[in-house]
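Here is the structure we will look at.
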Amino acid sequence: MSTPTQAAKPKKPRIIIPGTQYHRIRKAVQAICFIIFVTLPLFDIMRIDLPRQRFYFFGAELWISEFSIVFLTLMFMWILIAAMAMIYGRFWCGYLCPQMIFSETANGLEKRIIRFVNKQMPNAGTRSRRISAAILFSLVLLPASVFVTFVFVSYFVPPLDLFHRLLSLDMRTAGGIVGASVTLVTFLDFALLRERFCTAICPYGYLQNMLKDKHTLLVRFHDPKDECIKCSKCVRACPMGIDIRKSSHQLECTHCAECIDACSGILGKLGTHSVIQYAWGDSGAHSAAEGNWFRRIGLRDGKRVAVLVLLLVYATGLSIAIGLRQPVLLRIMPDRITLYSVAPDGQVHNRFRMLASNRGQVRVSVSLSIADLKGASIEEIEDRKVLEPGESVQQHFDVVVPPSSLHPGINRIRILADVTPGKTGQQFSETFFAPQTPSASPDNEK
Ligand code: SF4
Ligand code: SF4
């Protein structure tokens, strides 16, 4: 703590150079995204199993037929993409997109290989060194492409199955041919296209252009005091080869902020700030320059708040739908081809049908019992019906009731289903038909 006797030390004027960290932040975020990209399908956190028509979502095995969950998930993803494009512009492109991550990795790798070859072959001609570097780059890129393709295809087929196909160099089945084709496309993409993919093929840039408005985050050249020294360092640093000074709305711009770092680096040495900054729209303030936390994170109008509330609603609905989901789907329906039949011993039979699907990942057994009718039993179905993971069965069974427990005509019963493990119970309210008179035959009751 300072005392009155201590003279306050004069502070050195400090130049804050906003933006010089963007490259490092981007690389850290990209590394995390790469880990997420690899782990999502390999650990069933999120992937679609096309052959088995399953959707894996944070460990839960959802069936494509589970419409509500699939619908909520798709809506959530779509609103998330729209919200991100509207509020944060091309943040996805610059920081999160696998295409950009691998393109930049390929660029870095190629530069290193060229440096390495130049160092190892100082006396060789330019052409020889270029060819050697290209061959070496292709030799590294090929296994990398196989790995990236493996992870990508794992989003749609079981990784273990894919691994076995890869080991056996399967080129005969449809899966093997698709895998080889995707590998070739990946190789050509990162050998020849890289960032050109973003402007020539990817639809996200066009989509973002449609969703942006006057408050959307962008990278902006703003030089009211005429501080730009026209060094063109920002142009040389731009991986997309554009000049941000011409416009903040160029389709090629992925908002990666390399130009901000470049400008901060050069103008910082001259004791001033970068004239290129992240900003909330053309006339908005610099992204970090406003007080309120919600304005600083981009919530600058009611439209954005509404979109986030909608996102929250879908996220809540999705969580509830997953939370309420039963791993074993049971349906019990009456089979009304015959209303009832009377056995020689006088017991009355009604026929039912059970549909059971084990949507979980462990073996389960299902047992049925009858409530509400004394002496009722179930015939033609095992005491405990065992279902393997992913198995679905359809089975008919009879509910048999002694006539002394029945009213003439309509009776109400409950069929109780007990599922183990988990001891989850389900009950189905059904109608049981009995003869109107003790001597009535089933045919004249139909
Ligand atoms: S202009 Fe700047 S933000 Fe846009 S792509 Fe080029 S370096 Fe990245
Ligand atoms: S790096 Fe900055 S100072 Fe240099 S030309 Fe670009 S905007 Fe101007």
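Structure notes:
- 3J(HN,Hα) along the range 270-280: 8, x, 9, 8, 4, 9, 10, 8, 5, 8, 7 Hz, from the Karplus curve 6.51 cos²θ - 1.76 cosθ + 1.60 with θ = phi - 60°, whole Hz, x for Gly and Pro.
- Residue-span extension gain [ALA371 to ILE36] - 0.36 nm each, minus C-alpha spacing: 115.6 nm
- Kirkwood hydrodynamic radius of the range 85-137, from the reciprocal of the average inverse Cα-Cα distance over all distinct pairs: 12.9 Å.
- Annotation: for a label point projected 7 angstrom from Cα along Cα→Cβ of ARG196, residues of the range 169-190 with backbone N closer than 18 Å are 184-190.
- Peptides 94-107, 198-211 ordered by packing proxy, namely the average of other Cβ atoms within 10 Å per residue, highest first: 94-107, 198-211.
- Cβ distances below 4.7 Å define possible disulfide partners, and in the chain the cysteines left without one are CYS33, CYS93, CYS97, CYS198, CYS202, CYS228, CYS231, CYS238, CYS253, CYS256, CYS263.
- Rough spin-label spacing in nm, given labels placed 7 Å along Cα→Cβ, for LYS269 and ASP243: 2.2 nm
- Largest-first principal axis extents, alpha carbons of the range 216-360, Å: 104, 33, 22
- Here the contact order of the chain, divided by its residue count and restricted to Cα pairs under 8 Å and six or more residues apart, works out to 14 percent.
- Positive dipole terminus of the range 198-354, leading residue within TRP293, SER264, PRO327 (C-beta point charges): PRO327
- Here the range 30-125 is treated as a Stokes sphere of Kirkwood radius computed over C-alpha pairs; at 10 °C and 1.306 mPa s its diffusion coefficient rounds to 95 µm²/s.
- LYS225-ARG412 pseudo-label distance in nm [points 7 Å out on the Cα-to-Cβ vector]: 8.2 nm
- The Rg/Rh ratio for the chain, using Cα coordinates for both the radius of gyration and the Kirkwood hydrodynamic radius, is 1.18.
- Highest-first arrangement of 413-420, 48-55, where packing means the average Cβ count within 10 Å: 413-420, 48-55
- Segment LEU324-GLU388, length gained on full extension (0.36 nm per residue, minus Cα span): 20.9 nm
- Segment THR316-GLN426, extension gain: residue separation times 0.36 nm, minus the distance between their alpha carbons: 37.1 nm
- Cα centre as origin, Lys/Arg/Asp/Glu Cβ charges: the range 28-148 dipole, Debye: 860 debye
- With contributions of -39500 (n - 2.57) from each DSSP H run of at least four residues, the per-residue ellipticity at 222 nm computed over the chain stands at -13000 deg cm²/dmol.
- Vicinal HN-Hα couplings computed from phi for the range 339-345 (Karplus, 6.51 cos²θ - 1.76 cosθ + 1.60; Hz; Gly/Pro x): 5, 7, 9, 10, 6, x, 7
- Protection-proxy order for peptides 35-45, 260-270, each taking the mean of Cβ atoms within 10 Å per residue, highest first: 260-270, 35-45
- Of the residues GLN208, VAL386, ALA106, the one whose Cα sits farthest towards the positive end of the charge dipole of the chain is ALA106 (charges of +1 on Lys and Arg Cβ, -1 on Asp and Glu Cβ, taken about the Cα centre).
- Only the Cβ atoms of Lys and Arg (+1) and of Asp and Glu (-1) were treated as charged; on that basis the dipole of the chain about its Cα centre amounts to roughly 3020 debye.
- Amide H contacts of PHE55: ASP49, LEU62, TRP63, ILE64, each under 5 Å away and 5 or more positions distant or on a separate chain (H built 1.01 Å from N in the peptide plane; Pro and chain starts excluded).
- The chain: most fluctuating residue of TYR278, TYR56, TYR340 per GNM, C-alpha cutoff 10 Å: TYR340
- Scanning the chain for DSSP H helices at least 18 Å long along the axis (C-alpha atoms) with a Kyte-Doolittle mean no lower than -0.5 picks out 22-42, 67-88, 98-120, 126-154, 174-188, 302-324.
- For the range 233-278, the mean projected area of the C-alpha convex hull, equal to one quarter of the hull surface, is 2.9 nm².
- Just so you know, the averaged projected area of the alpha carbon convex hull for the range 277-406 sits at 15.1 nm².
- Quarter of the Cα convex hull surface for the range 115-211, i.e. its orientation-mean projected area (nm²): 9.3 nm²
- Charge dipole (the chain, unit charges on Cβ, about Cα centre) - positive-most of SER274, GLY176, THR437: SER274
- Centre-to-centre, using Cα atoms only, the range 208-254 and the range 345-390 are separated by 67 Å.
- Rounded to the nearest 20 debye, the dipole size of the range 267-375 about its Cα centre is 160 debye, using +1 on the Cβ of Lys and Arg and -1 on the Cβ of Asp and Glu.
- Kirkwood hydrodynamic radius (C-alpha pairs) into Stokes-Einstein, the range 375-417, 4 °C and 1.567 mPa s, D in µm²/s: 101 µm²/s
- Kirkwood hydrodynamic radius of the range 302-363, Cα pairs, Å: 16.2 Å
Bear in mind these aren't lab numbers, they're just calculated from the coordinates by the rules spelled out. Keep in mind it's a predicted model, so treat the numbers as computed, not measured. Neighbour counts are summed over all protein chains in view; Cβ atoms, including those assigned to glycine, are modelled from backbone coordinates with ideal geometry.
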